[in-house]
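Q: Please see the structure below; I have some questions.
Every read-out reported here was derived from the displayed coordinates using simple, explicitly stated rules and does not represent laboratory data. Bear in mind that the values here come from a model prediction, so they are computed numbers and not experimental data. Heads up, the Cβs are rebuilt from the backbone with ideal geometry, glycines too, and the neighbour counts pull from every protein chain shown.
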Amino acid sequence: MISITLELPSNHDLVQFGDTHEGSLMQHRAGIEKCKDFIRAEKDRYAVHMGDAVEAIMVDDCRYSEATRDSRPIKQCEAVVEDFKSLEGRLKVMLDGNHPRKLWRFGDLTKDLICNPLSIKYGTISCIVHVCDKHGLIYNMYLHHGFGQINSNAKDYEQRKANMKANLKMKLKYKFNNCLIMSMGHTHKLLIVRPTEELLLVADDNGRVSQRYKGWEQSDEIDQDKRWYTNTGSFYRTFSDELDRNNEPIVSYPEMFGYDPVELGFLNIQCRDRKIVNIEKKVV
């Protein structure tokens, strides 16, 4: 486990995006461009990449598909570097992912071929990020590329969403007590679990009752219900009507394994006056 310190302005946005899967024809290229435009649109807007920057699936892998732009992992890494040069000074951290990590015997692709050339901090598979300003610590984030699946078999849509959010929270809640934001990628889901807005009643010396809500703030021991939990989405389509390089219909590995389609996009953390005021979902 490594810790990374970022010094950002007291008012800033921090975009969480990832699972961009460079090299695959299923990559939502227009969505990535929208994400990059969004990151560059404001002066004090920055970003972290949650991993799986490259597809890195070899021909002997059961997930392999001819739906590749270039199946050579080194070329995929070079394409990522070229793609994210336009985010210089804004893209602060990149995690590893299960896709490039499967090729560990050839080296650390994410660190050596992407992070080092771009001069961005390498978060390995998981890290703690301390976001600070000139006054000191603002908030801590626990970032993990992700693990397992987040699914639900409930018949009702709202119940499915609630079950998946509960699943996300359960995966992350016991990891670190001093992190206000707990995040993972990998599952391609785009989910936000807000801190619980618990009602408090207060009586003064004269018996007058007033109500307020228990807030959330950074501390060394943050209640599990007073944190933000996020699943940071992806830019990988499930279905396509395009043709591959052999002029055959494209079949992605999510289609092969019967995965349901998901919302494509990213998340944006909004920090104002040293407080997290919102995390917004951006669907592309």
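Q: Students often forget the sequence filter, so: which aspartates and glutamates lie under 13 Å Cα-Cα from residue 92 once same-chain residues fewer than 8 apart are removed?
A: 7, 13, 44
Q: Tell me the relative contact order for the chain as a rounded percent, counting alpha carbon contacts under 8 Å between residues six or more apart.
A: Values: 638 pairs, mean separation 66.9, N = 284.
For the chain, the relative contact order is 24 percent.
Q: Separate question: Within 10 Å, count the other beta carbons around each residue, average over each peptide in 92-104, 188-200, and list them highest first. Mind showing how you got there, number by number?
A: Details: 92-104: 20.9, 188-200: 16.5.
For the peptides 92-104, 188-200, the packing ranking is 92-104, 188-200.
Q: Taking the Cα centre of the chain as origin and charging only Cβ (+1 Lys, Arg; -1 Asp, Glu), how large is the dipole, in debye to the nearest 20? Walk me through the numbers on the way to the answer.
A: Details: 41 positive and 42 negative charges, 111 e Å.
Value, rounded to 20: 540 debye.
Q: Springs between alpha-carbon pairs under 10 angstrom, Gaussian network model over the chain: which of 159, 218, 149 fluctuates most?
A: 159
Q: Compare the peptides 162-174, 135-147 by average per-residue count of other Cβ atoms within 10 angstrom and give them in order, highest first. Write down the numbers at each step before the final one.
A: Values: 162-174: 16.9, 135-147: 20.1.
Those peptides, ordered most packed to least, come out 135-147, 162-174.
Q: Among 252, 210, 119, determine the one that fluctuates most according to a GNM of the chain built with springs between C-alpha atoms less than 10 Å apart.
A: In this elastic network of the chain, the residue with the biggest mean-square fluctuation among 252, 210, 119 is 210.
Q: Using only Cα atoms, locate the centre of segment 219-246 and the centre of segment 102-178, then give the distance between them in Å, rounded to an integer.
A: For segment 219-246 versus segment 102-178, the Cα centre distance is 9 Å.
Q: If you work out Rg and Dmax of the Cα atoms in Å from the coordinates, which of [x] 22.5, 90; [y] 20.0, 80; [z] 23.9, 74 do you get?
A: This structure yields the entry labelled [y].
Q: With a length cut of 15 Å (Cα positions projected on each helix's long axis) and a Kyte-Doolittle mean of at least -0.5, go through the chain and give me the DSSP H helices that pass. Spell out each step's value before the answer.
A: Details: long enough: 29-40 (17 Å, -0.68); 73-84 (17 Å, 0.04); 157-172 (23 Å, -1.28).
Correct list, ordered by number: 73-84.
Q: Would you mind computing Rg(Cα) / (2.2 N^0.38 Å) for segment 119-191, counting N as its residues? Walk me through the numbers on the way to the answer.
A: Details: Rg = 14.8 Å, N = 73, 2.2 N^0.38 = 11.2 Å.
The value comes to 1.32.
Q: Determine the calculated [θ] at 222 nm for the chain from helices alone, applying -39500 (n - 2.57) to every DSSP H run no shorter than 4 residues and normalising by the residue count; nearest 500 deg cm²/dmol.
A: Details: 5 runs with 48 residues, N = 284.
My calculation for the chain gives -5000 deg cm²/dmol from helical runs alone.
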